[in-house]
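Below is one structure, written out as structure tokens; comments come after it.
What follows draws every value from the coordinates through simple rules; no lab data is involved. Keep in mind that what you see is a predicted model, and the values were worked out from it rather than measured. Cβ placement follows ideal geometry from the backbone for every residue including glycine, while neighbour counts extend to all protein chains displayed.
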Amino acid sequence: MTERVSYEAQVNQIPAPYYYPQTGSSKKRKYGTMLIGGLLGMNAYYLPVSKDTFVQRGFDIKRDDNFDQIRKLKTVAEEIEKENLSTESKMILQEMGLPEDINAVTAKCVALEKEVTDPSSVRTIKEKFINSFENFKKHTHKMDAECSDAFRAAKWNKFKWGVGIGSGIGLALGLLGSRD
């Protein structure tokens, strides 16, 4: 004897899922709130730059520039030792006002490194940025290249953080808003 099981009985025995798949509209809502949060966060670019941030960014740019010059001079020194100086290396030496002498290149490297590592010279560089902060903040047309780069770096850092935080908050609000 075979028992017959009805189809309706089988369907009723299937357990209900523990979660329901996201619908397309709730995904759109999450992405939309994340996008709006990111767009609102972009306004952090227009927040004022503090003196400490300006001074630190300015010093970081100066330090990175010095170490970049040291790196270039090391390759030039290697070429001088091999007695095979390229045109680019000759232009670098001419730009820095150095002769084609390994001792002069070494002395320049030491001076560049000392400028950003010696505590007294670091203090002098930071004081220069502190003194120029108020003047350059009022008259941006008088800003030199280093100060301009420091302001730009500080503002773009605020922009990136603003977009990231705004998107995170927007996503969190979107997730809260899409809950059933």
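List, in the order given, every pair from 74/126; 51/138; 108/128; 128/160; 27/158; 62/155 whose Cα-Cα distance in the structure shown is over 20 Å. Kindly include the intermediate steps, with their values, before the conclusion.
Values: 74/126 27 Å; 51/138 13 Å; 108/128 22 Å; 128/160 27 Å; 27/158 28 Å; 62/155 17 Å.
Pairs exceeding the cut-off: 74/126; 108/128; 128/160; 27/158.
Work out the FRET efficiency for residue 118 and residue 87 from their Cβ-Cβ distance, taking R0 = 30 Å, and round it to the nearest 0.05. Walk me through the numbers before you get to the answer.
On the way: r = 34 Å, r/R0 = 1.13.
Efficiency computed from Cβ-Cβ geometry: 0.35.
For the range 27-177, report the convex hull volume of the alpha-carbon atoms normalised per residue, in Å³, without decimals. Before the final figure, lay out the partial values.
Values: hull volume 26.0 nm³, N = 151.
Looking at the range 27-177, the number lands at 172 Å³ per residue.
Note down the net charge around residue 160, summing +1 for each Lys or Arg and -1 for each Asp or Glu among other residues with Cβ under 14 Å from its Cβ.
My count for the surroundings of residue 160 gives +4.
Along the Cα→Cβ direction, 7 angstrom out, place labels at residue 64 and residue 175. What is the inter-label distance in nm?
3.2
Sort 158-171, 91-104 for me by packing, meaning the mean count of neighbouring Cβ atoms within 10 Å per residue, highest on top. Walk me through the numbers before you get to the answer.
Details: 158-171: 17.4, 91-104: 13.3.
So the order, starting with the most tightly packed, is 158-171, 91-104.
Where in the range 55-94 does the label zone of residue 130 land, with the point 7 angstrom along Cα→C-beta and an amide N cut-off under 16 Å?
55-60
Ranked highest first by the average count of other Cβ atoms within 10 Å around their residues, in what order do 64-73, 37-46 fall? Write out the running numbers ahead of the final one.
Working: 64-73: 15.1, 37-46: 16.6.
Descending mean neighbour count gives 37-46, 64-73.
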